[in-house]
Amino acid sequence: MSIYILGIESSCDDTSAAVICDGCLKSNVIASQKVHEAFGGVVPELASRAHQQNIVPVVSEALRQAGIDKKDLSAIAFTRGPGLLGSLLVGTSFAKGMAIGLNIPLLDVNHLHAHVLSHFIKREESDDVPEFPFLCLLISGGNSQIVMVRSPYDMEIIGKTIDDAAGEAFDKCAKVMGLPYPGGPHIDRLAKEGNPDAYKFSKPHIPGLDYSFSGLKTSFLYTVRDGLKNNPEFIKENLADLAASLQSTIIDILLDKLAKTPQLKEVKHLAIGGGVSANSGVRDAIQKFCDKRKIKAWIPERIFTTDNAAMVAAAGYFKYLSKQYCDLSLPPYSRVMV
């Protein structure tokens, strides 16, 4: 009998539902929220209200595209955290209610683990997946981490940001240049037309494998401020070069720590995940990094880099196979639980 897992994702501003059957993806529906663009960032209260409007039609469409009835489901996987608590409450409450109504198991998924396991989303049974153990560079708007992945249930963070994340650096610097939210995709587009060596920005000098991007943001701000003092059209005239130099600096910071990771010698596979892994420069740099060291690079499809339920369903599938069910009394959490 086939195993059908419904995945539900609502950690931030995307409402998503997906269905996998015996590990293979059958549907992945995402409803994005445009309301936040006017505010230059996600407004938590507006996000949770939009999730309430979207959750039923999104789940219904995911089941329809998968060609199944809700009674065919074996279990429901949902993002329990970390994320915006109001948004998580919508997905958590819906998943619990549906699981109770159908009398099927509930599977709680860590949002960050789901990004790591996005490489196990299969379209066909024969699709390749990473070999354990492998390293994963998890880079998004809220996190920048180097993770040693020994199994679907055994992940060790060996390096992380001590302040801001790479994605936040992209978005905040884009805002300084007057670019729309989210700024990351605009930086990516402009960087292709600019000179990555046009400007030099500050790079952190902190010990170990941890990241820091606050100094880079300050350096970028000062460069733009000083440029505008001498030329009111500085941003407009140098937009592409600023974007290319910023992107190049962020990539250098990411790869510098990755190259110093001792566990790099133990693995044959290196993966990237999270929203920033959609960036063209990052993807190219990771591929070259791996080619140079003769290890296999795992670069996700762009649709699986941002928040999506397919990765939640994939992570939930592993939990279902090992019968790691979630107690209905467990609440969502906004921060990573120790």
In this structure, does Val59 turn out to be buried (at least 16 other Cβ atoms within 10 Å of the Cβ), more than 22 Å from Gly275 (Cβ to Cβ), hydrophobic (A, V, I, L, M, F, W, C) and at pLDDT 95 or above?
-> yes
Which one is farthest from Glu168 (Cα to Cα) among residues in region 212-265 that are hydroxyl-bearing (Ser, Thr, Tyr) and outside any helix (DSSP H, G or I)?
-> Thr261
Of the residues that sit in region 115-142 and are small (Gly, Ala, Ser) and either out of contact with any strand residue (DSSP E or B) (no Cβ under 7 Å at 6 or more places or on another chain) or open to solvent by 40 Å² or more (accessible area, probe 1.4 Å) (or both), which one is farthest from Leu84 (Cα to Cα)?
-> Ser126
Please enumerate the residues belonging to region 257-285 that are hydrophobic (A, V, I, L, M, F, W, C) and touching a residue at least 40 places away in the same chain (Cβ under 8 Å).
-> Leu258, Leu264, Val267, Leu270, Ala271, Ile272, Val276, Ala278, Val282
When restricted to Ala114, Ala47, the only residue of a type in the set (A, V, I, L, M), at pLDDT 95 or above, outside any loop (DSSP other than H, G, I, E, B) and under 22 Å from the mean Cα position of the chain (by Cα) is Ala114
Which residues, counting only those in region 1-20, are crowded, with 21+ Cβ neighbours inside 10 Å and either out of contact with any strand residue (DSSP E or B) (no Cβ under 8 Å at 6 or more places or on another chain) or more than 17 Å from Thr306 (Cβ to Cβ) (or both)?
-> Tyr4, Ile5, Leu6, Cys12, Val19, Ile20
Complete set of residues in region 203-248 that are among the acidic types (Asp, Glu) and loosely packed, with under 15 Cβ neighbours inside 10 Å = Asp226, Glu233, Glu237
Region 178-195 residues that are in contact (Cβ under 8 Å) with a residue 12 or more places away in the chain and part of a loop (DSSP other than H, G, I, E, B), paired with ones that are of a type in the set (A, V, I, L, M, F, W, C) and surrounded by fewer than 16 Cβ atoms within 10 Å (Cβ to Cβ) (beta carbon under 8 Å, 6 or more apart) = Tyr181/Phe39
Does Ala174 satisfy the criteria of being aliphatic (A, V, I, L, M), part of a loop (DSSP other than H, G, I, E, B) and within 19 Å of Ser245 (Cβ to Cβ)?
-> no
Does at least one position in region 227-239 carry a residue that is of a type in the set (A, V, I, L, M, F, W, C) and more than 22 Å from Ser202 (Cβ to Cβ)?
-> no
For Ile100, indicate whether it is touching a residue at least 12 places away in the same chain (Cβ under 8 Å), over 30 Å from Ala174 (Cβ atoms), in a loop (DSSP other than H, G, I, E, B) and open to solvent by 10 Å² or more (accessible area, probe 1.4 Å).
-> no
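The values are calculated or read from the model by the stated rules, or taken from the named source; none is laboratory data. These numbers were taken from a predicted model, which means no experiment stands behind them. Neighbour counts are summed over all protein chains in view; Cβ atoms, including those assigned to glycine, are modelled from backbone coordinates with ideal geometry. Note: areas computed on protein heavy atoms with side chains; ligands, DNA, RNA excluded. Shrake-Rupley method; radii C 1.70, N 1.55, O 1.52, S 1.80 Å.
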